[in-house]
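The structure appears below as structure tokens.
Every number here is computed from the coordinates shown, using simple stated rules; none is lab data. Quick caveat: nothing in here was measured; it's all calculated off a predicted structure. Cβ coordinates were reconstructed from backbone atoms using ideal geometry, including for glycine residues, and neighbour counts include every protein chain displayed.
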Amino acid sequence: MSVYPGTYIATGIGSTPKFSHLVDDLMTPRLMSFRQIHINDEPCELKSDRMTWFTVFGRWLQGERIIIRKNGMMLDLGTEVQNIDYTYGTFQAGVPDIDGQRVSRDMVEATYVFDYFSQPLLEGLLTAAISVVNMTAVGPPTSYTIDSAPTNWEGVIVDLAFAMCMEKLLLDYDLWRYRLVFAIGPNEMDGGGNDIAGQLTTLKQNAEERANKAMENPKFKTGNYLAPPTGIYFSSIRGFGSGGGNGTQFISGKLRGWKPNKMM
């Protein structure tokens, strides 16, 4: 599986080639900081089956190093850590302690890297963005899809989807667990940092302003197209001279072929 250069972010996994292009080439460079988030030494919790440990975030990046420690001792991923679920961030660690089950007093910590904006999520936001363009841009409503949309729409679609990403971050930031991915101290965890929300809001507004400015262009949907000449147009430029009356020949000259007769 190919990855974005210098990262472990998977590429080319879109449901269509156009989705892969928009996400890999246009969205990921702007969301790089959120598509590869490092979580270090997170205390894990034991599920009700007393066999499986889980972390706060799922969507682990495969290929990146995963470190599992149990009671301070690092476990071998090949033998002592089993059944890793990269989607949900769960695993089984170590040898069972009592009657084939782990005991809750064990301390298990996980170091992993996860993707905040996974491919399905970004595809959903891109689909929502093109629906907005179809209905709000100057001109009649259209019904383009991601695959059929004109190439010149890509910048606007990506800007709107990026603004939706920032909106999701702002909404998620209201929940305590999502603040773990931001660089704020323990004393600010409950109250949060206003500067973070302000920066996300600025990024969101900038993207929306660029998209709205483009959609206000009267030629955004129609482009530089001219209607073909009609019969009325040909009649308006035809005189009474040698051009005939079938509308198939043009008559040149300042007076469109008109000449005074001898009686005038």
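Seen from residue 138, the other residues with C-beta closer than 10 Å to its C-beta sum to a net charge of +1, counting Lys and Arg as +1 and Asp and Glu as -1. Counting every other Cβ atom within 10 Å of each residue's Cβ, 50, 65, 35 order from fewest to most as 65, 50, 35. Measuring r between the beta carbons of residue 152 and residue 62 and using R0 = 51 Å, the FRET efficiency lands at 0.90. By the beta-carbon count within 10 Å of each Cβ, the least crowded to most crowded order of 38, 21, fewest first, is 38, 21. The phi-based Karplus calculation (6.51 cos²θ - 1.76 cosθ + 1.60; θ = phi - 60°) puts the 3J(HN,Hα) values of the stretch 29-43 at x, 8, 10, 4, 5, 9, 8, 8, 9, 8, 10, 10, 6, 7, x Hz, whole numbers, x for Gly and Pro. A crude spin-label estimate for the pair residue 222 and residue 4, with each label 7 Å from Cα along the Cβ direction, gives 3.9 nm. Multiplying the residue separation of residue 50 and residue 69 by 0.36 nm and subtracting their alpha-carbon distance yields 5.1 nm.
Pairwise over distinct Cα atoms, reciprocal of the mean inverse distance: report the Kirkwood radius of the stretch 129-180 in Å, one decimal place. After inverting the pairwise mean of 1/r, the radius is 12.6 Å. Volume of the convex hull of the stretch 36-171 (Cα atoms only), normalised per residue: 145 Å³. Taking other C-beta atoms within 10 Å as the exposure proxy, 75, 160, 61 rank 75, 61, 160 from fewest upward.
Solvent-free Debye calculation, one equal scatterer per alpha-carbon of the stretch 25-98: log10 I(q)/I(0) at 0.11, 0.19, 0.21 Å⁻¹ equals -0.32, -0.82, -0.97.
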